[in-house]
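One structure is given below, encoded as C-alpha cells.
Each value in this text was obtained by applying a stated rule to the coordinates, not by laboratory testing. Given the structure is predicted, the values throughout are model-derived calculations rather than measurements. Heads up, the Cβs are rebuilt from the backbone with ideal geometry, glycines too, and the neighbour counts pull from every protein chain shown.
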Amino acid sequence: MGKFPRFSKHAFIRFLREKVEKILFMGSWPAKLGILVGFQGTILITRYRIRLNKFPSDIPQLKIVFASDFHMGPTTHAKHITQSIDKISDLKPDILLLGGDFVYLKTDYIDSWLKIIAQKLPESMKKYAVLGNHDNHLDAKYISAALEKYGIKMLCNRFEILAPPYDFISLHGLDDWLSGTPDVESAFERQAAIKIVLMHSPSNYLDLQNTEFDLAFCGHTHGGQIAFADGSPLRAGSGPLSRQFNFGLFRLGEKMQKTLIVSKGVGFGSVPFRINSAPEIISCRLTAE
Ligand SMILES: [Fe+2]
C-alpha cells in the first residue's frame with residue numbers, strides 16, 4: 001500500500017494547484033491584506049463540558065484545549081497565529097491537543113509557527129499532536145521532528161497514558177484518513193478506562209466504527225470556511241464525512257456513548273477569509289458525572 005493510498009488519484013491535480021497558488025500568493029499578500037482589512041476575523045473560544053461516569057468524583061476536572069488547522073503560510077498571517085496562541089495560553093490547559101495542518105504550501109513555515117509557540121507557551125504544558133493532510137503532503141518527517149524537538153509529542157498511530165492523577169485516561173492519535181495510513185490497532189495498543197482520540201479529519205471516524213472510545217477531537221473542515229447563515233458549508237472539506245460533521249459536537253455509537261467534537265480551526269486555506277465560520281479554539285472540561 002502506498003504512502004497516500006486514498007489520495008493518489010488526486011495527487012497530480014493537487015500538485016498543479018499548489019504550483020499555481022505558490023505563484024499567485026507570492027509575497028504572502030493575501031495574509032497581509034487579510035490582517036490589514038480585518039478579514040482574518042476574531043478567534044472564538046467554544047466551551048464544552050463532558051461528564052463521564054468513568055471519571056472519579058474525587059479527581060479535579062481535566063481542561064483540554066484543542067486547536068487545529070493553523071495553516072501558517074501565505075494566507076494566514078503570523079499575527080493571526082500569535083493571537084490564537086495567546087488565547088490558548090490564557091485558557092491555561094492541563095493538556096493541549098493539536099489537530100494538524102500546521103502549515104500551508106511550504107514546510108519551512110513550521111519553524112516560524114514553533115517560534116511563536118516557544119515564546120508564548122510554557123515548556124511544562126503537555127502538548128500532543130497529529131498531522132493533517134497538508135503536513136503529510138509537504139514533509140511529514142520534517143514537521144514531526146520539528147514538533148518533537150519543541151516538546152510536542154507526536155501521536156500519529158500512537159498512544160499515551162496520562163500521568164497520575166489522570167492515569168485513568170489514555171490518548172490515541174490517528175494518522176490522517178485522507179493522506180496517511182491510520183493504524184487503529186497501534187493507536188489503541190494500550191488503553192485506560194477513558195479513551196480520548198486525536199485525529200485530523202472527521203472522516204477518521206470511519207476507522208473507529210468498531211473501536212470503543214469516549215471522546216474524539218478533529219478539525220480539517222474549517223466549518224466550510226465559507227458557510228450560509230445557518231452554518232451549512234457552501235463547499236464541504238475533502239473526505240466523505242466532512243459535510244455530515246462540519247463542526248460542533250456529535251453523539252455517536254449505538255448508545256450515543258461516543259462524543260465527537262469537530263473544530264472550525266484557526267487558519268485559512270486557499271481562500272484567505274471566512275464567512276459565517278469564524279476561527280475557533282475548543283476548550284473542553286472533562287469531569288465526573
Ligand atoms: Fe486538513
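Some observations on this one:
- Candidate aspartates and glutamates - alpha carbon under 19 Å from K63, same-chain residues fewer than 8 apart omitted: D86, D90, D94, E123, E160, D167, D214, E280, E289
- Loop-located trypsin sites (Lys or Arg not before Pro) in the stretch 185-245 (DSSP state not H, G, I, E or B) with no more than 12 neighbouring Cβ atoms inside 10 Å: R190, R235.
- A simple count of charges around D101, restricted to other residues whose Cβ falls under 11 Å of its Cβ and scoring Lys, Arg +1 and Asp, Glu -1, yields -3.
- Dipole magnitude of the chain, debye to nearest 20 (Cβ charges: Lys/Arg +1, Asp/Glu -1, about Cα centre): 580
- In angstrom, the C-alpha Rg and Dmax of the chain are 17.9, 57.
- Most fluctuating residue given options L131, L36, L91, as computed from a GNM of the chain linking Cα atoms under 10 Å: L36
- Rounded to the nearest 20, the Cβ-based charge dipole of the stretch 112-265 about its Cα centre (Lys and Arg +1, Asp and Glu -1) stands at 480 debye.
- Computed from backbone phi, the HN-Hα couplings of the stretch 203-212 come to 5, 4, 4, 4, 6, 10, 3, 9, 10, 7 Hz, rounded to whole numbers (Karplus: 6.51 cos²θ - 1.76 cosθ + 1.60, θ = phi - 60°; Gly and Pro given as x).
- Candidates L178, L114, L97, ranked by Gaussian network fluctuation over the chain, Cα under 10 Å, top entry: L114
- In order along the stretch 43-55, the phi-based Karplus estimate (6.51 cos²θ - 1.76 cosθ + 1.60, θ = phi - 60°) of 3J(HN,Hα) comes to 7, 9, 9, 9, 10, 10, 10, 10, 9, 10, 6, 7, 8 Hz; Gly and Pro are listed as x.
- Charge context of P122, other residues only, Cβ under 13 angstrom, K/R +1, D/E -1: +1
- Since only F70, P56, A146 are under comparison, the one whose Cα sits farthest along the positive direction of the charge dipole of the chain, derived from C-beta charges on Lys, Arg, Asp and Glu, is F70.
- Between the Cα long axis of helix 78-91 and the first principal axis of the chain there is an angle of about 20°, rounded to the nearest 10.
- Folded to 0 to 90 degrees: helix 133-149 orientation relative to the chain principal axis, Cα: 60
- The chain - mean residue ellipticity at 222 nm from DSSP helices (-39,500 (n - 2.57) per run, n ≥ 4, rounded to 500): -7500 deg cm²/dmol
- Helix 109-120 vs. the chain, principal-axis angle (Cα, 0 to 90°, nearest 10): 50
- Remark: Y150, Y205, Y166 ranked as Y150, Y166, Y205, counting other beta-carbon atoms within 10 Å and listing the fewest first.
- Fewest-first sequence of F228, F213, F39 by Cβ atoms within 10 Å of each Cβ: F228, F39, F213
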